[in-house]
1. Can you tell me which residue in the range B:63-97 is nearest to B:Ile114 (Cα to Cα), limited to those that are outside any helix (DSSP H, G or I) and more than 9 Å from chain A (Cβ to nearest Cβ)?
2. Out of (1) free of Cβ contacts under 8 Å to residues at least 24 places away in the same chain; (2) within 14 Å of chain B (Cβ to nearest Cβ); (3) among the β-branched types (Val, Ile, Thr), the odd one out for A:Ile97 is which?
3. Can you run down the residue pairs with Cβ atoms below 6 Å, 6 or more apart or on separate chains, where the first is in the range B:102-114 and in a helix (DSSP H, G or I) and the partner is of a type in the set (Gly, Ala, Ser)?
4. Taking the criterion of being surrounded by fewer than 22 Cβ atoms within 10 Å (Cβ to Cβ), part of a helix (DSSP H, G or I) and touching a strand residue (DSSP E or B) at 6+ places or on another chain (Cβ under 6 Å), would at least one residue in the range A:31-45 satisfy it?
5. Which members of the range B:89-101 meet the condition of being more than 11 Å from the chain's Cα centre (by Cα) and either surrounded by fewer than 24 Cβ atoms within 10 Å (Cβ to Cβ) or farther than 16 Å from B:Leu76 by Cβ (or both)?
6. Within the range B:129-157, which residues are assigned to a loop (DSSP other than H, G, I, E, B), in contact with a Lys or Arg (Cβ under 9 Å, 6 or more places away or on another chain) and within 14 Å of B:Ile63 (Cβ to Cβ)?
7. If you check B:Arg33, B:Arg105, B:Arg60, which single one turns out to be among the basic types (Lys, Arg), within 14 Å of chain A (Cβ to nearest Cβ) and within 17 Å of the chain's Cα centre (by Cα)?
8. Considering each of B:Arg82, B:Arg106 in turn, give the residue that is out of contact with any helix residue (DSSP H, G or I) (no Cβ under 6 Å at 6 or more places or on another chain) and more than 22 Å from A:Ser85 (Cα to Cα).
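The values are calculated or read from the model by the stated rules, or taken from the named source; none is laboratory data. Fair warning: this is a prediction, and the values are worked out from it, not measured in the lab. Backbone-built Cβ (ideal geometry, glycine too); neighbour counts: all protein chains shown.
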Amino acid sequence: MKARLLIVDDSMVIRNLIARQMLDERLPPIDLVGLAGDGEQALAIAMSRKPDFITMDLTMPNMDGEACIERLAEVLPGARIMVVSALSDKTTALRAISKGAHGFLHKPFSEEQLVAALLELMS
Amino acid sequence: MNYRALNHEDIEVFSEAISAFFLNMTHEPAVVRTAYLLDGTASPLWGDFNGVIDVSGGFRGSITFSAPHGMLSQVLQAIGEREHSVDRCLDVVGEIANMMSGRARRHFGEELAISPPSARLRTVPPAAARATGVPFAIPLRWHAHEANLVVHLDIRR
């Protein structure tokens, strides 16, 4: 069965970059269930498409990543969430993990770092 | 409220952020030149696309990445993006400013609050709260294109 992935980032360039990396042969087969540009969109897609894995930006309009992680932990507790953010300080990472995130990838990232982080999230 | 201007160590953080972006995302390093003060005699050197991050929380001002269309097209190509439209260039110039602000937050601490990026073609979005100190420009060269990171920031003492 394919892993179901939702990508959340206010940058379409970053959403596309992560989506393209799903085809990397080191990763298990992945079904992209949605692309969201903010936390509100992410919640709506997550409720209907039930992803197993979510990559989550933090600084976004409407609903930010932290608030979205908190809501997702309530409504979709089985989903594993990896924060992908430019906010690379330790406090931010620890706060995101305390809200329900399972991993953290700092921007800017290389393709190698992204694949390694996705592998860890899906392991 | 008392604010101080940026010092040499603060500026170095932004130079490192530029290097990290180009090396990680494009695998090709940028040549980062010496920062200089954008005083009254120097023009701000705005490029085709300007991505701005407003900062707050013990800080006041903005961080702007300003680049020509040619550079952003090549950055998009280097990261595998097929579409090099105005919208994609606005997206990526804002994202670059965002990544550089994120790196600054690691240096300054979590009190540095960062807005989502805003980006404009040929103009610079107005800052939510202007800094009063003199802005710094950090020029860089990548693939024969010139761009600037303009840091206009006051730090609460």
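1. Residues of the range B:63-97 outside any helix (DSSP H, G or I): B:63-68, B:79-85.
If we keep only those that are more than 9 Å from chain A (Cβ to nearest Cβ) too, we end up with B:63-68, B:84-85.
Values: B:Ile63: 10, B:Thr64: 12, B:Phe65: 14, B:Ser66: 18, B:Ala67: 21, B:Pro68: 24, B:His84: 27, B:Ser85: 26 Å.
Looking at the filtered set, the residue picked out is B:Ile63.
2. (2)
3. Note: pairs meeting the criteria are B:Gly102/A:Ala86; B:Gly102/A:Ser88; B:Arg103/B:Ala17; B:Arg106/A:Ser88.
4. Of all residues in the range A:31-45, those surrounded by fewer than 22 Cβ atoms within 10 Å (Cβ to Cβ) come to A:31-35, A:37-38, A:40-41, A:43-45.
Now narrow it down to the ones that are part of a helix (DSSP H, G or I): A:40-41, A:43-45.
Now narrow it down to the ones that are touching a strand residue (DSSP E or B) at 6+ places or on another chain (Cβ under 6 Å): A:45.
Scanning the range A:31-45, I find at least one residue that is surrounded by fewer than 22 Cβ atoms within 10 Å (Cβ to Cβ), part of a helix (DSSP H, G or I) and touching a strand residue (DSSP E or B) at 6+ places or on another chain (Cβ under 6 Å), so the answer is yes.
5. From the range B:89-101, those more than 11 Å from the chain's Cα centre (by Cα) are B:89-92; that's our starting set.
The answer is B:Leu90, and nothing else.
6. Here is the first cut: in the range B:129-157, the ones assigned to a loop (DSSP other than H, G, I, E, B) are B:129-135, B:143-144, B:157.
Filter again for in contact with a Lys or Arg (Cβ under 9 Å, 6 or more places away or on another chain), leaving B:129-133, B:157.
Result: B:Ala129, B:Arg130, B:Ala131, B:Gly133.
7. Working: B:Arg33 fails: within 14 Å of chain A (Cβ to nearest Cβ); B:Arg60 fails: within 14 Å of chain A (Cβ to nearest Cβ).
Unique residue meeting the criteria: B:Arg105.
8. Working: B:Arg106 fails: more than 22 Å from A:Ser85 (Cα to Cα).
Matching residue, one of B:Arg82, B:Arg106: B:Arg82.
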